[in-house]
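> My structure is below; once you've seen it, I'll send some questions.
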Amino acid sequence: MDLKNNNKICFLPKRHRRPLLPFTQDQQTLNTPLTADTTTFPDENTLREEHMAEAIISSSNLVHNFHRIQERITDNCRIMGIVKANAYGHDARHVSKTLESLGVSDFGVANIEEAIPLRTCATSSPDVTILAFCSPLPSHLPLYLKHDITATICDFDTLYKAESIASAYNIPLKVHVKIDTGMGRLGIPPDTACSLLQAAEESPHLKLSGAYTHFAQSTLQNEFTARQLETFRNVCSEFEHHAKRSLCKHAANSGGVLCCKEACLDMVRPGITLYGYHPDENMQNRIDLKPVMQLRARVIFIKEVEAGTTISYNRTWTAPSRCRIATISAGYADGYHRTLSNLTSVFIGGKAYAQVGTVTMDQIMVNLGNSSSVRVGDDAVLFGWDGPSAADLATVAGTISYEILCAVSSRVKRVFV
């Protein structure tokens, strides 16, 4: 066949051409004349936002959770807002501004790379302290000074480098000393912790403003957690006795706030509870929390399949009877775990529909059964207050709610309500 023949309209012989489908109501909508001005392209900023996937962030639910946490601590105990990992996927800038409006002046992030945008874009107030939990690399220490970020000191070598760099710039560096009482991740051992605290106190260009530790089993009121707290308090008491001054001490994360009242010292560090979930869904001492994020996507395609039709990669689901299948515009690249394949439900119009087939990078499929009420463009709730919770998905995926929330990727639009 001569492909250069411009007179050819269709290269297929007539016997291979598909017959026209019967005219349906859905097809009729496609033939509705467009009323838009087709002489110019529309401005993307003026279009009604119809994102393929959205994380709806509820400020009112965040405020609600903050007040529930406040009720668990004393009036003189400060709350550090934990906004690391982009505030567990909720947008650190928005969350920190909301918390700051509630009187929070301490924020915790993972490292200097998270701290700088928080300082420059979210809160430039000199009254706000940002603590980076990661032990700093020496090359990063000048950035701590430039952006007024509090550094975590875990060993003498880092302390000496911090003092040298702060001295060179002639700018005092705020530091907190971390003591490893049993987590086994970061921190100086308890037997040399007091010496490190004293060395930080005596360093002319370091400003020792706090000490902290982290619990390995914060939701369990057991002997190990009690021993961690006792060890930490003993080290701090010894230092305070010699220094003749008090130090900001903090140990309690979300689990500590809920399960270990004695661990709520000068400051607490709630993370997951701010965002509406408990650190352990089976724990006691639960409080009234509301999810702050709802992940939703859109129905982008609907088809009718016959019994025996297989869906998605590796043909992991087979239609038991004739049914309608909807394709939803979110997949594992958006944060919907592949391990959820064929195990969960998606809510459309308040009704649950089973997710079927292997979760793909950009889409998932759901079985609508014989329902004809779902239309292309409808919202599909993957998790949140109008669907399964992140904790529900975590149970199915064999993980924790933290990971479900943090996995919501940057291409998912955050919408604040």
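Only the coordinates and a few stated rules stand behind these numbers; no lab work does. Not measured: the values here are computed from a predicted model. Cβ sites come from the backbone with ideal geometry, for glycine too, and all protein chains shown count toward neighbours.
> Express the relative contact order of the chain as a whole percentage, based on alpha carbon pairs under 8 Å and six or more residues apart in sequence. Write down the numbers at each step before the final one.
Details: 817 pairs, mean separation 66.4, N = 417.
Taking the mean separation of contacting Cα pairs over the length of the chain, I get 16 percent.
> Here is a follow-up. Hey, fewest Cβ within 10 Å first, where do TRP317, TRP385 land in order?
On the way: TRP317 20, TRP385 15.
If I rank by nearby Cβ atoms, fewest first, I get TRP385, TRP317.
> Same structure, new question: Provide LYS249, LYS178 in ascending order of the number of other Cβ atoms located within 10 Å of each residue's Cβ, fewest first.
Details: LYS249 22, LYS178 25.
Fewest-to-most ranking of LYS249, LYS178: LYS249, LYS178.
> Using a Gaussian network model on the chain with a 10 Å cutoff between Cα atoms, which of ILE165, ILE69, ILE364 fluctuates the most?
For the chain, modelled as a Gaussian network with Cα springs under 10 Å, the answer is ILE165.
> Tilt of helix 156-169 relative to the longest C-alpha principal axis of the chain, in degrees (0 to 90, nearest 10)?
90 degrees
> Per-residue HN-Hα couplings for segment 251-264, Karplus 6.51 cos²θ - 1.76 cosθ + 1.60 at θ = phi - 60°, whole Hz, x for Gly and Pro?
For segment 251-264, the Karplus curve yields 9, 7, 8, 4, x, x, 4, 7, 10, 9, 4, 5, 7, 7 Hz.
> Output the peptides 266-273, 137-144, 228-235 sorted from most to least packed, where packing is the average of other Cβ atoms within 10 Å over each peptide's residues. Mind dumping the intermediate values first?
Numbers: 266-273: 22.2, 137-144: 16.4, 228-235: 20.1.
Going from most to least packed, we get 266-273, 228-235, 137-144.
> Mind listing the long-range amide H neighbours of ILE82? Cut-off is under 5 Å, sequence gap 5 or more, other chains count too, H placed in the peptide plane at 1.01 Å from N.
Under 5 Å from the amide H of ILE82 lie the amide H atoms of GLY108, each far enough along the sequence or on another chain.
> Suppose R0 equals 60 Å. What FRET efficiency, 1/(1 + (r/R0)^6) with r the Cβ-Cβ distance, do ASN234 and PHE301 give to the nearest 0.05? Write out the running numbers ahead of the final one.
Working: r = 63 Å, r/R0 = 1.05.
In this case the efficiency is close to 0.45.
> Which of ARG72, ARG245, ARG375 moves most in a GNM of the chain, Cα contacts under 10 Å?
Among ARG72, ARG245, ARG375, the largest GNM mean-square fluctuation belongs to ARG245.
> About the Cα centre of the chain, what is the dipole size in debye to 20, counting +1 per Lys and Arg Cβ and -1 per Asp and Glu Cβ, all else neutral? Don't skip to the end; give the middle numbers.
Values: 41 positive and 42 negative charges, 316 e Å.
Result for the chain is approximately 1520 debye, rounded to the nearest 20.
> In addition: Given LYS146/LYS261; LYS84/LYS178; LYS303/LYS351; LYS84/LYS249; LYS174/LYS290, which pairs have Cα atoms separated by over 28 Å? Present the calculation step by step, with values, prior to reporting the outcome.
Values: LYS146/LYS261 37 Å; LYS84/LYS178 17 Å; LYS303/LYS351 19 Å; LYS84/LYS249 20 Å; LYS174/LYS290 35 Å.
Pairs exceeding the cut-off: LYS146/LYS261; LYS174/LYS290.
> Just rank ASP378, ASP362, fewest to most, by other beta-carbon atoms within 10 angstrom.
Working: ASP378 15, ASP362 18.
So the residues, fewest neighbours to most, are ASP378, ASP362.
> While we're looking at this one, here's another question. Out of residues 5 or more away from VAL376 or on other chains, whose amide H comes under 5 Å of its own, with H placed 1.01 Å from N in the peptide plane?
Residues meeting the amide H criterion: none.
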